[in-house]
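The values are calculated or read from the model by the stated rules, or taken from the named source; none is laboratory data. All values derive from a computational prediction rather than experimental measurement. A quick note on method: Cβ atoms are made from the backbone with ideal geometry, for glycine too, and the neighbour counts reach across all protein chains shown. When the accessible area is computed, the model is the full protein with side chains, heavy atoms only, and any ligands, DNA or RNA have been set aside. Shrake-Rupley method; radii C 1.70, N 1.55, O 1.52, S 1.80 Å.
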Amino acid sequence: MTLTTEKAFSLSDRVKEKFHSTFADSKPLIVRSPGRVNLIGEHTDYNHGFVLPAAINKAIYMAVSRRSDDQLHIVSVDLDRTYKGSIHTIEPSGMHWPDYILGVIQQLQGLGHPLGGLNCVFGGDIPLGAGMSSSAALECATAFALNELFGLGLDQMTMVKLSQKAENAFVGVQCGIMDQFASMFGKKNHVIRLDCQSLDYTYVPFNTEGIRIVLLDTNVKHSLASSEYNTRRQQCEAGVKLIQAHHPEVKSLRDATLDMLASYVAPVDALVNQRCEYVVEEISRLMAATDDLEKGDIAAFGQKMFATHDGLSRKYEVSCPELDFLVDQVRNEPSVIGARMMGGGFGGCTINLVREDAIDTLVEKIAPIYRKAMKKDMKVYIGQIENGTSLGE
Ligand code: ADP
Ligand code: MG
C-alpha cells in the first residue's frame with residue numbers, strides 16, 4: 001500500500017518537476033489517468049456482448065497549462081522528446097506519440113470547442129504496448145485535462161467516446177470503447193460490467209484484499225494477430241447470418257443461444273460453429289462470474305477465468321504456446337485463484353489473480369521454467385484496482 005502511494009507520488013513529482021524546469025511561468029493542472037485490465041469477457045466486445053474491465057494503479061500523469069499564444073508545446077518525459085506545433089494546424093506529427101494527444105484535440109475542435117495554446121508535460125508507468133492500454137490512458141488524460149483547463153463542461157462518456165474516436169480516426173487503430181471507458185470510469189475495489197451494445201454499465205464489488213493482479217508478459221507478439229482477428233470477426237458474422245435466416249431478430253451473437261447454433265450453424269459450418277460457441281459461452285460465463293463476485297465467491301470466479309482461457313485456446317484458437325504454457329504453469333498453484341490470456345491473443349500477457357504473499361515465490365518458480373522452455377524471458381507486472389481518470393496532486 002505504502003509503496004504504491006509513494007511510487008505514484010514520485011511519478012507525478014517527476015512530471016511536475018519537468019514542467020517547472022521547462023515552463024517556469026505557470027502552475028499546471030495535474031491529471032492522472034490509469035491503464036486497465038480485463039478480468040473476463042474476451043472477444044465479446046465486437047459481438048455486442050459484455051466485458052469486465054478495471055482501472056489499475058499504473059497511470060499517465062499529465063501537467064498542463066494555458067499559453068497566451070496559439071502554440072502547443074508537448075513534452076514526453078519517458079521518451080525525452082518534445083513536440084511543437086500550433087493549435088490551429090492539427091495533423092499527424094510523424095512522431096507517433098503526440099498523435100494520441102493531437103487526435104483528442106482534433107476531436108474537441110470537431111465538437112466546436114475552441115481551444116487555445118498549451119504547455120503539456122506527461123509521463124507514466126503503464127508499460128507501452130503490453131496490453132494495459134497506455135494509449136487509452138494518454139487519450140483520456142488529455143480529454144480530462146483539456147475539459148478542466150478550458151471549462152468545456154463535457155461529461156465522462158463524451159470524453160470516452162471522443163478519445164476512442166481519436167484513436168480510430170487520427171492514430172488509425174480500430175479499437176473498441178472498452179479501454180477508454182475503463183480508464184475513465186474505473187473505481188477502486190470494483191470491476192465494471194460494461195454492455196458493449198448499450199454502453200450501460202454497473203460496478204461490481206471486487207474485494208482484492210490479499211490478492212494482486214499479476215500480469216505475466218510472454219514477450220511475444222506473433223504476426224498472426226491482426227489477420228486472425230479479422231477472420232474471427234468474419235466467422236462471428238457468418239454465424240449470425242446463418243441464424244438470422246430463421247431468427248431475424250438476432251442482430252449479433254449477443255442475441256444468440258447455444259440451441260440456435262446447434263440447429264442452424266453446426267450443420268452448415270463446424271468451424272464457424274466452434275468460434276460462435278466460444279462467444280456465446282463467454283457472454284454467459286461473464287454473467288455467472290459477476291454473480292460469483294456479488295456473492296464474494298472469488299474461487300468460483302477464478303475457475304471461470306481458467307474456463308475462458310480454455311475456450312480461447314481450444315475453441316476460438318487465438319492463444320499461442322507461450323500463453324498456454326504460462327496458464328498451465330499456474331493451473332495447480334494453490335496461490336493462484338484464476339488465470340487466462342488477456343487481450344486479442346497470439347502473444348501479450350496472461351492475467352492472474354494471485355495471493356499477495358505468494359507472488360515472489362511463484363515468479364521465482366515460473367521465470368526460469370519459461371526461459372528454458374520458450375528461450376525468452378517473461379516480464380512481470382503487479383497491479384491492483386484503482387479509481388479512473390481524476391485530478392492529481
Ligand atoms: P497499449 O495501449 O496496449 O499500451 P499501444 O500501441 O496502443 O499500446 O499504445 C502505445 C503508444 O502510446 C506508445 O507507442 C506511445 O506512442 C503512446 N504512449 C503511451 N504511454 C506513453 C508514455 N508514457 N510516454 C510516451 N508515449 C506513450
Ligand atoms: Mg492501445
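By the compact-protein rule of thumb, 2.2 N^0.38 Å, the alpha-carbon radius of gyration of segment 12-88 corresponds to a ratio of 1.53.
Taking all protein chains as present, what is the carbon and sulfur share of the accessible area of segment 88-207, in % to the nearest whole number, probe 1.4 Å? Mind dumping the intermediate values first?
Numbers: 2170 of 4400 Å².
C and S fraction of accessible area: 49 percent.
For segment 178-220, what does the alpha-carbon gyration tensor say about shape, rounded, prolate or oblate, given a ≥ b ≥ c as the root eigenvalues, a/c under 1.5 as rounded, and a/b over b/c as prolate?
Values: a/c = 2.65, a/b = 1.30, b/c = 2.04.
It comes out oblate by the Cα gyration axes.
Past 27 Å, Cα to Cα, is the threshold; run Lys18/Lys376; Lys84/Lys187; Lys304/Lys379; Lys161/Lys241; Lys27/Lys161; Lys18/Lys187 against it and keep the listed order. Walk me through the numbers before you get to the answer.
Numbers: Lys18/Lys376 36 Å; Lys84/Lys187 35 Å; Lys304/Lys379 24 Å; Lys161/Lys241 29 Å; Lys27/Lys161 29 Å; Lys18/Lys187 29 Å.
Over 27 Å Cα-Cα: Lys18/Lys376; Lys84/Lys187; Lys161/Lys241; Lys27/Lys161; Lys18/Lys187.
Of interest is the spacing of the C-alpha centroids, which for segment 227-298 and segment 313-334 amounts to 22 Å. In terms of packing, defined here as the mean over residues of other Cβ atoms within 10 angstrom, the peptides 144-156, 193-205 line up highest first as 144-156, 193-205. Can you give me the span-like helices of the chain, meaning DSSP H runs with 15 Å or more of Cα extent along the axis and Kyte-Doolittle mean at or above 0.0? Those that clear 15 Å and a mean of 0.0 are 99-110, 134-149, 298-310, 359-374. Between Asp195 and Ser26, the modelled labels are 4.2 nm apart [label points 7 Å from Cα along Cα→Cβ].
What ranking, highest mean first, results for peptides 132-140, 80-88 when packing means the other Cβ atoms within 10 Å averaged over each residue?
On the way: 132-140: 30.6, 80-88: 13.6.
Highest mean packing first, the order is 132-140, 80-88.
In terms of accessible area, using a 1.4 Å probe and ignoring ligands and nucleic acids, Thr218, Thr231 rank largest first as Thr231, Thr218.
Rank these residues by their accessible area, most exposed first, probe 1.4 Å: Ser93, Ser263.
Values: Ser93 30, Ser263 65 Å².
Ranked list, largest accessible area first: Ser263, Ser93.
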